[in-house]
Amino acid sequence: MKIGVCGTGRMGAAIAQRLMAVGHEVAVWNRNQAKTRPLVDAGATAFPAPASLVESCEIIVVMLLNDAASEAVYRGPDGILKAKLAGKLVIDMSTVRPDTMQSIGASLAQQGAAFVESPVGGSTSPAKEGKLFALVGGDKADVARAMPVLEHMCRRIEHVGPLGAGAAVKLAINLPLLVYWQALGESLTICKPLNLPADRLIDIMSDTAGTPTAMKGRGAVIAKVLGGAPLGETAFGLSAARKDLATAVQFAKTLHAELPVAASALACFEEAEAAGLGDADATAISTRWPQRQPKS
Ligand SMILES: NC(=O)c1ccc[n+]([C@@H]2O[C@H](COP(=O)([O-])OP(=O)(O)OC[C@H]3O[C@@H](n4cnc5c(N)ncnc54)[C@H](OP(=O)(O)O)[C@@H]3O)[C@@H](O)[C@H]2O)c1
């Protein structure tokens, strides 16, 4: 089947690689066209605009940074909504506001296209291995149509409700993880005077009830950076993590709910981003805190 991947940043590129690896014909578009080159070298076809990509494919997977990117790529000139859309299926895997997914779904439906939101848990490695965790929102029939493609990308697929529900659950699962990365930085700060080797300290913390499974993948990198190594490769950018926390806090306001811990963590992510760490991996929030000079 020919599948279009719209947005080939870290996650979109990994997803495109996975779809090619399992035998799909893949077409790609990205705002910065240079990022499509490795995929084209691996056999994908690049398109000059989202609209032409959509017209060439039956199913389109969208993976964009945030609400502003979604607005530009769906509603901009040569955007997805400018294509002939009747009969197409769009699966959007971006982490954005629930109401963004709802309004895009309504606009696509007006033009005869089916739409499923499917933000994911898991980073670039699980994406390449087809081991993401999909939080799916949409109509039952549309989700059933998306299922064969989702099954090629995901180890677990949870249809959690109508459009917007997937986005809400995705924001909910990232909230404690991102708070954890900041909390870990604070834990490391109170252990700093002990001068324990970083890998030993991370090993001790990793073997306790308070540690998320994400430490299995990121603990070694965190220990290396604490030990003095430069920041490693970015899997999930700190700016994108800040965006997720900000979106969760903003979404909670629409529910008249307060998220005091998430709001505090968000302020720490904003500070780290302002200090120039936006492109670093989100776990740089943990390694930064023990080094930070306290504000007087
Ligand atoms: N990385 C992870 O581990 C991970 C895990 C789960 C979920 N997510 C979510 O997946 C989504 C993508 O994350 P990522 O890590 O792949 O981010 P990324 O590497 O920064 O890629 C972002 C993508 O969005 C595009 N984009 C940004 N602003 C745009 C705009 N105004 N107009 C058009 N395109 C725009 C970028 O295009 P350019 O290349 O032209 O900038 C790129 O294709 C985010 O919602 C993130 O929260 C990420």
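The values are calculated or read from the model by the stated rules, or taken from the named source; none is laboratory data. Quantities reported herein were computed from a predicted structural model and do not represent experimental measurements. Every residue, glycine as well, gets a Cβ built from its backbone with ideal geometry; the counts of neighbours run over all protein chains shown. Only protein heavy atoms, including side chains, enter the accessible area calculation; ligands, DNA and RNA are left aside. Shrake-Rupley method; radii C 1.70, N 1.55, O 1.52, S 1.80 Å.
Descriptive notes on the structure:
- V261 vs. criteria among the β-branched types (V, I, T), in a helix (DSSP H, G or I) and either open to solvent by less than 50 Å² (accessible area, probe 1.4 Å) or at pLDDT below 95 (or both): no
- Of the strands (runs of 3 or more DSSP E) lying entirely inside the stretch 111-176, those containing at least 1 residues that are touching an Asp or Glu at 6+ places or on another chain (Cβ under 6 Å) and away from the ligand (no atom under 16 Å from the Cβ) are 114-117.
- Screening G121, G130, G161, G138 for residues that are open to solvent by less than 60 Å² (accessible area, probe 1.4 Å), in contact with a helix residue (DSSP H, G or I) (Cβ under 6 Å, 6 or more places away or on another chain) and on the phi > 0 side of the Ramachandran plot leaves exactly one candidate, G130.
- Selected residue [of a type in the set (A, V, I, L, M, F, W, C), more than 26 Å from A172 (Cβ to Cβ) and within 20 Å of the chain's Cα centre (by Cα)] from A13, A42: A13
- Residue that is farthest from A114 (Cα to Cα) [pool: residues in the stretch 170-182 that are open to solvent by less than 50 Å² (accessible area, probe 1.4 Å) and without any contact (Cβ under 8 Å) to a residue 60 or more places away in the chain]: Y180
- Checking each residue in the stretch 99-110 for being within 15 Å of the ligand (Cβ to nearest atom) and closer than 19 Å to M147 by Cβ picks out only M101.
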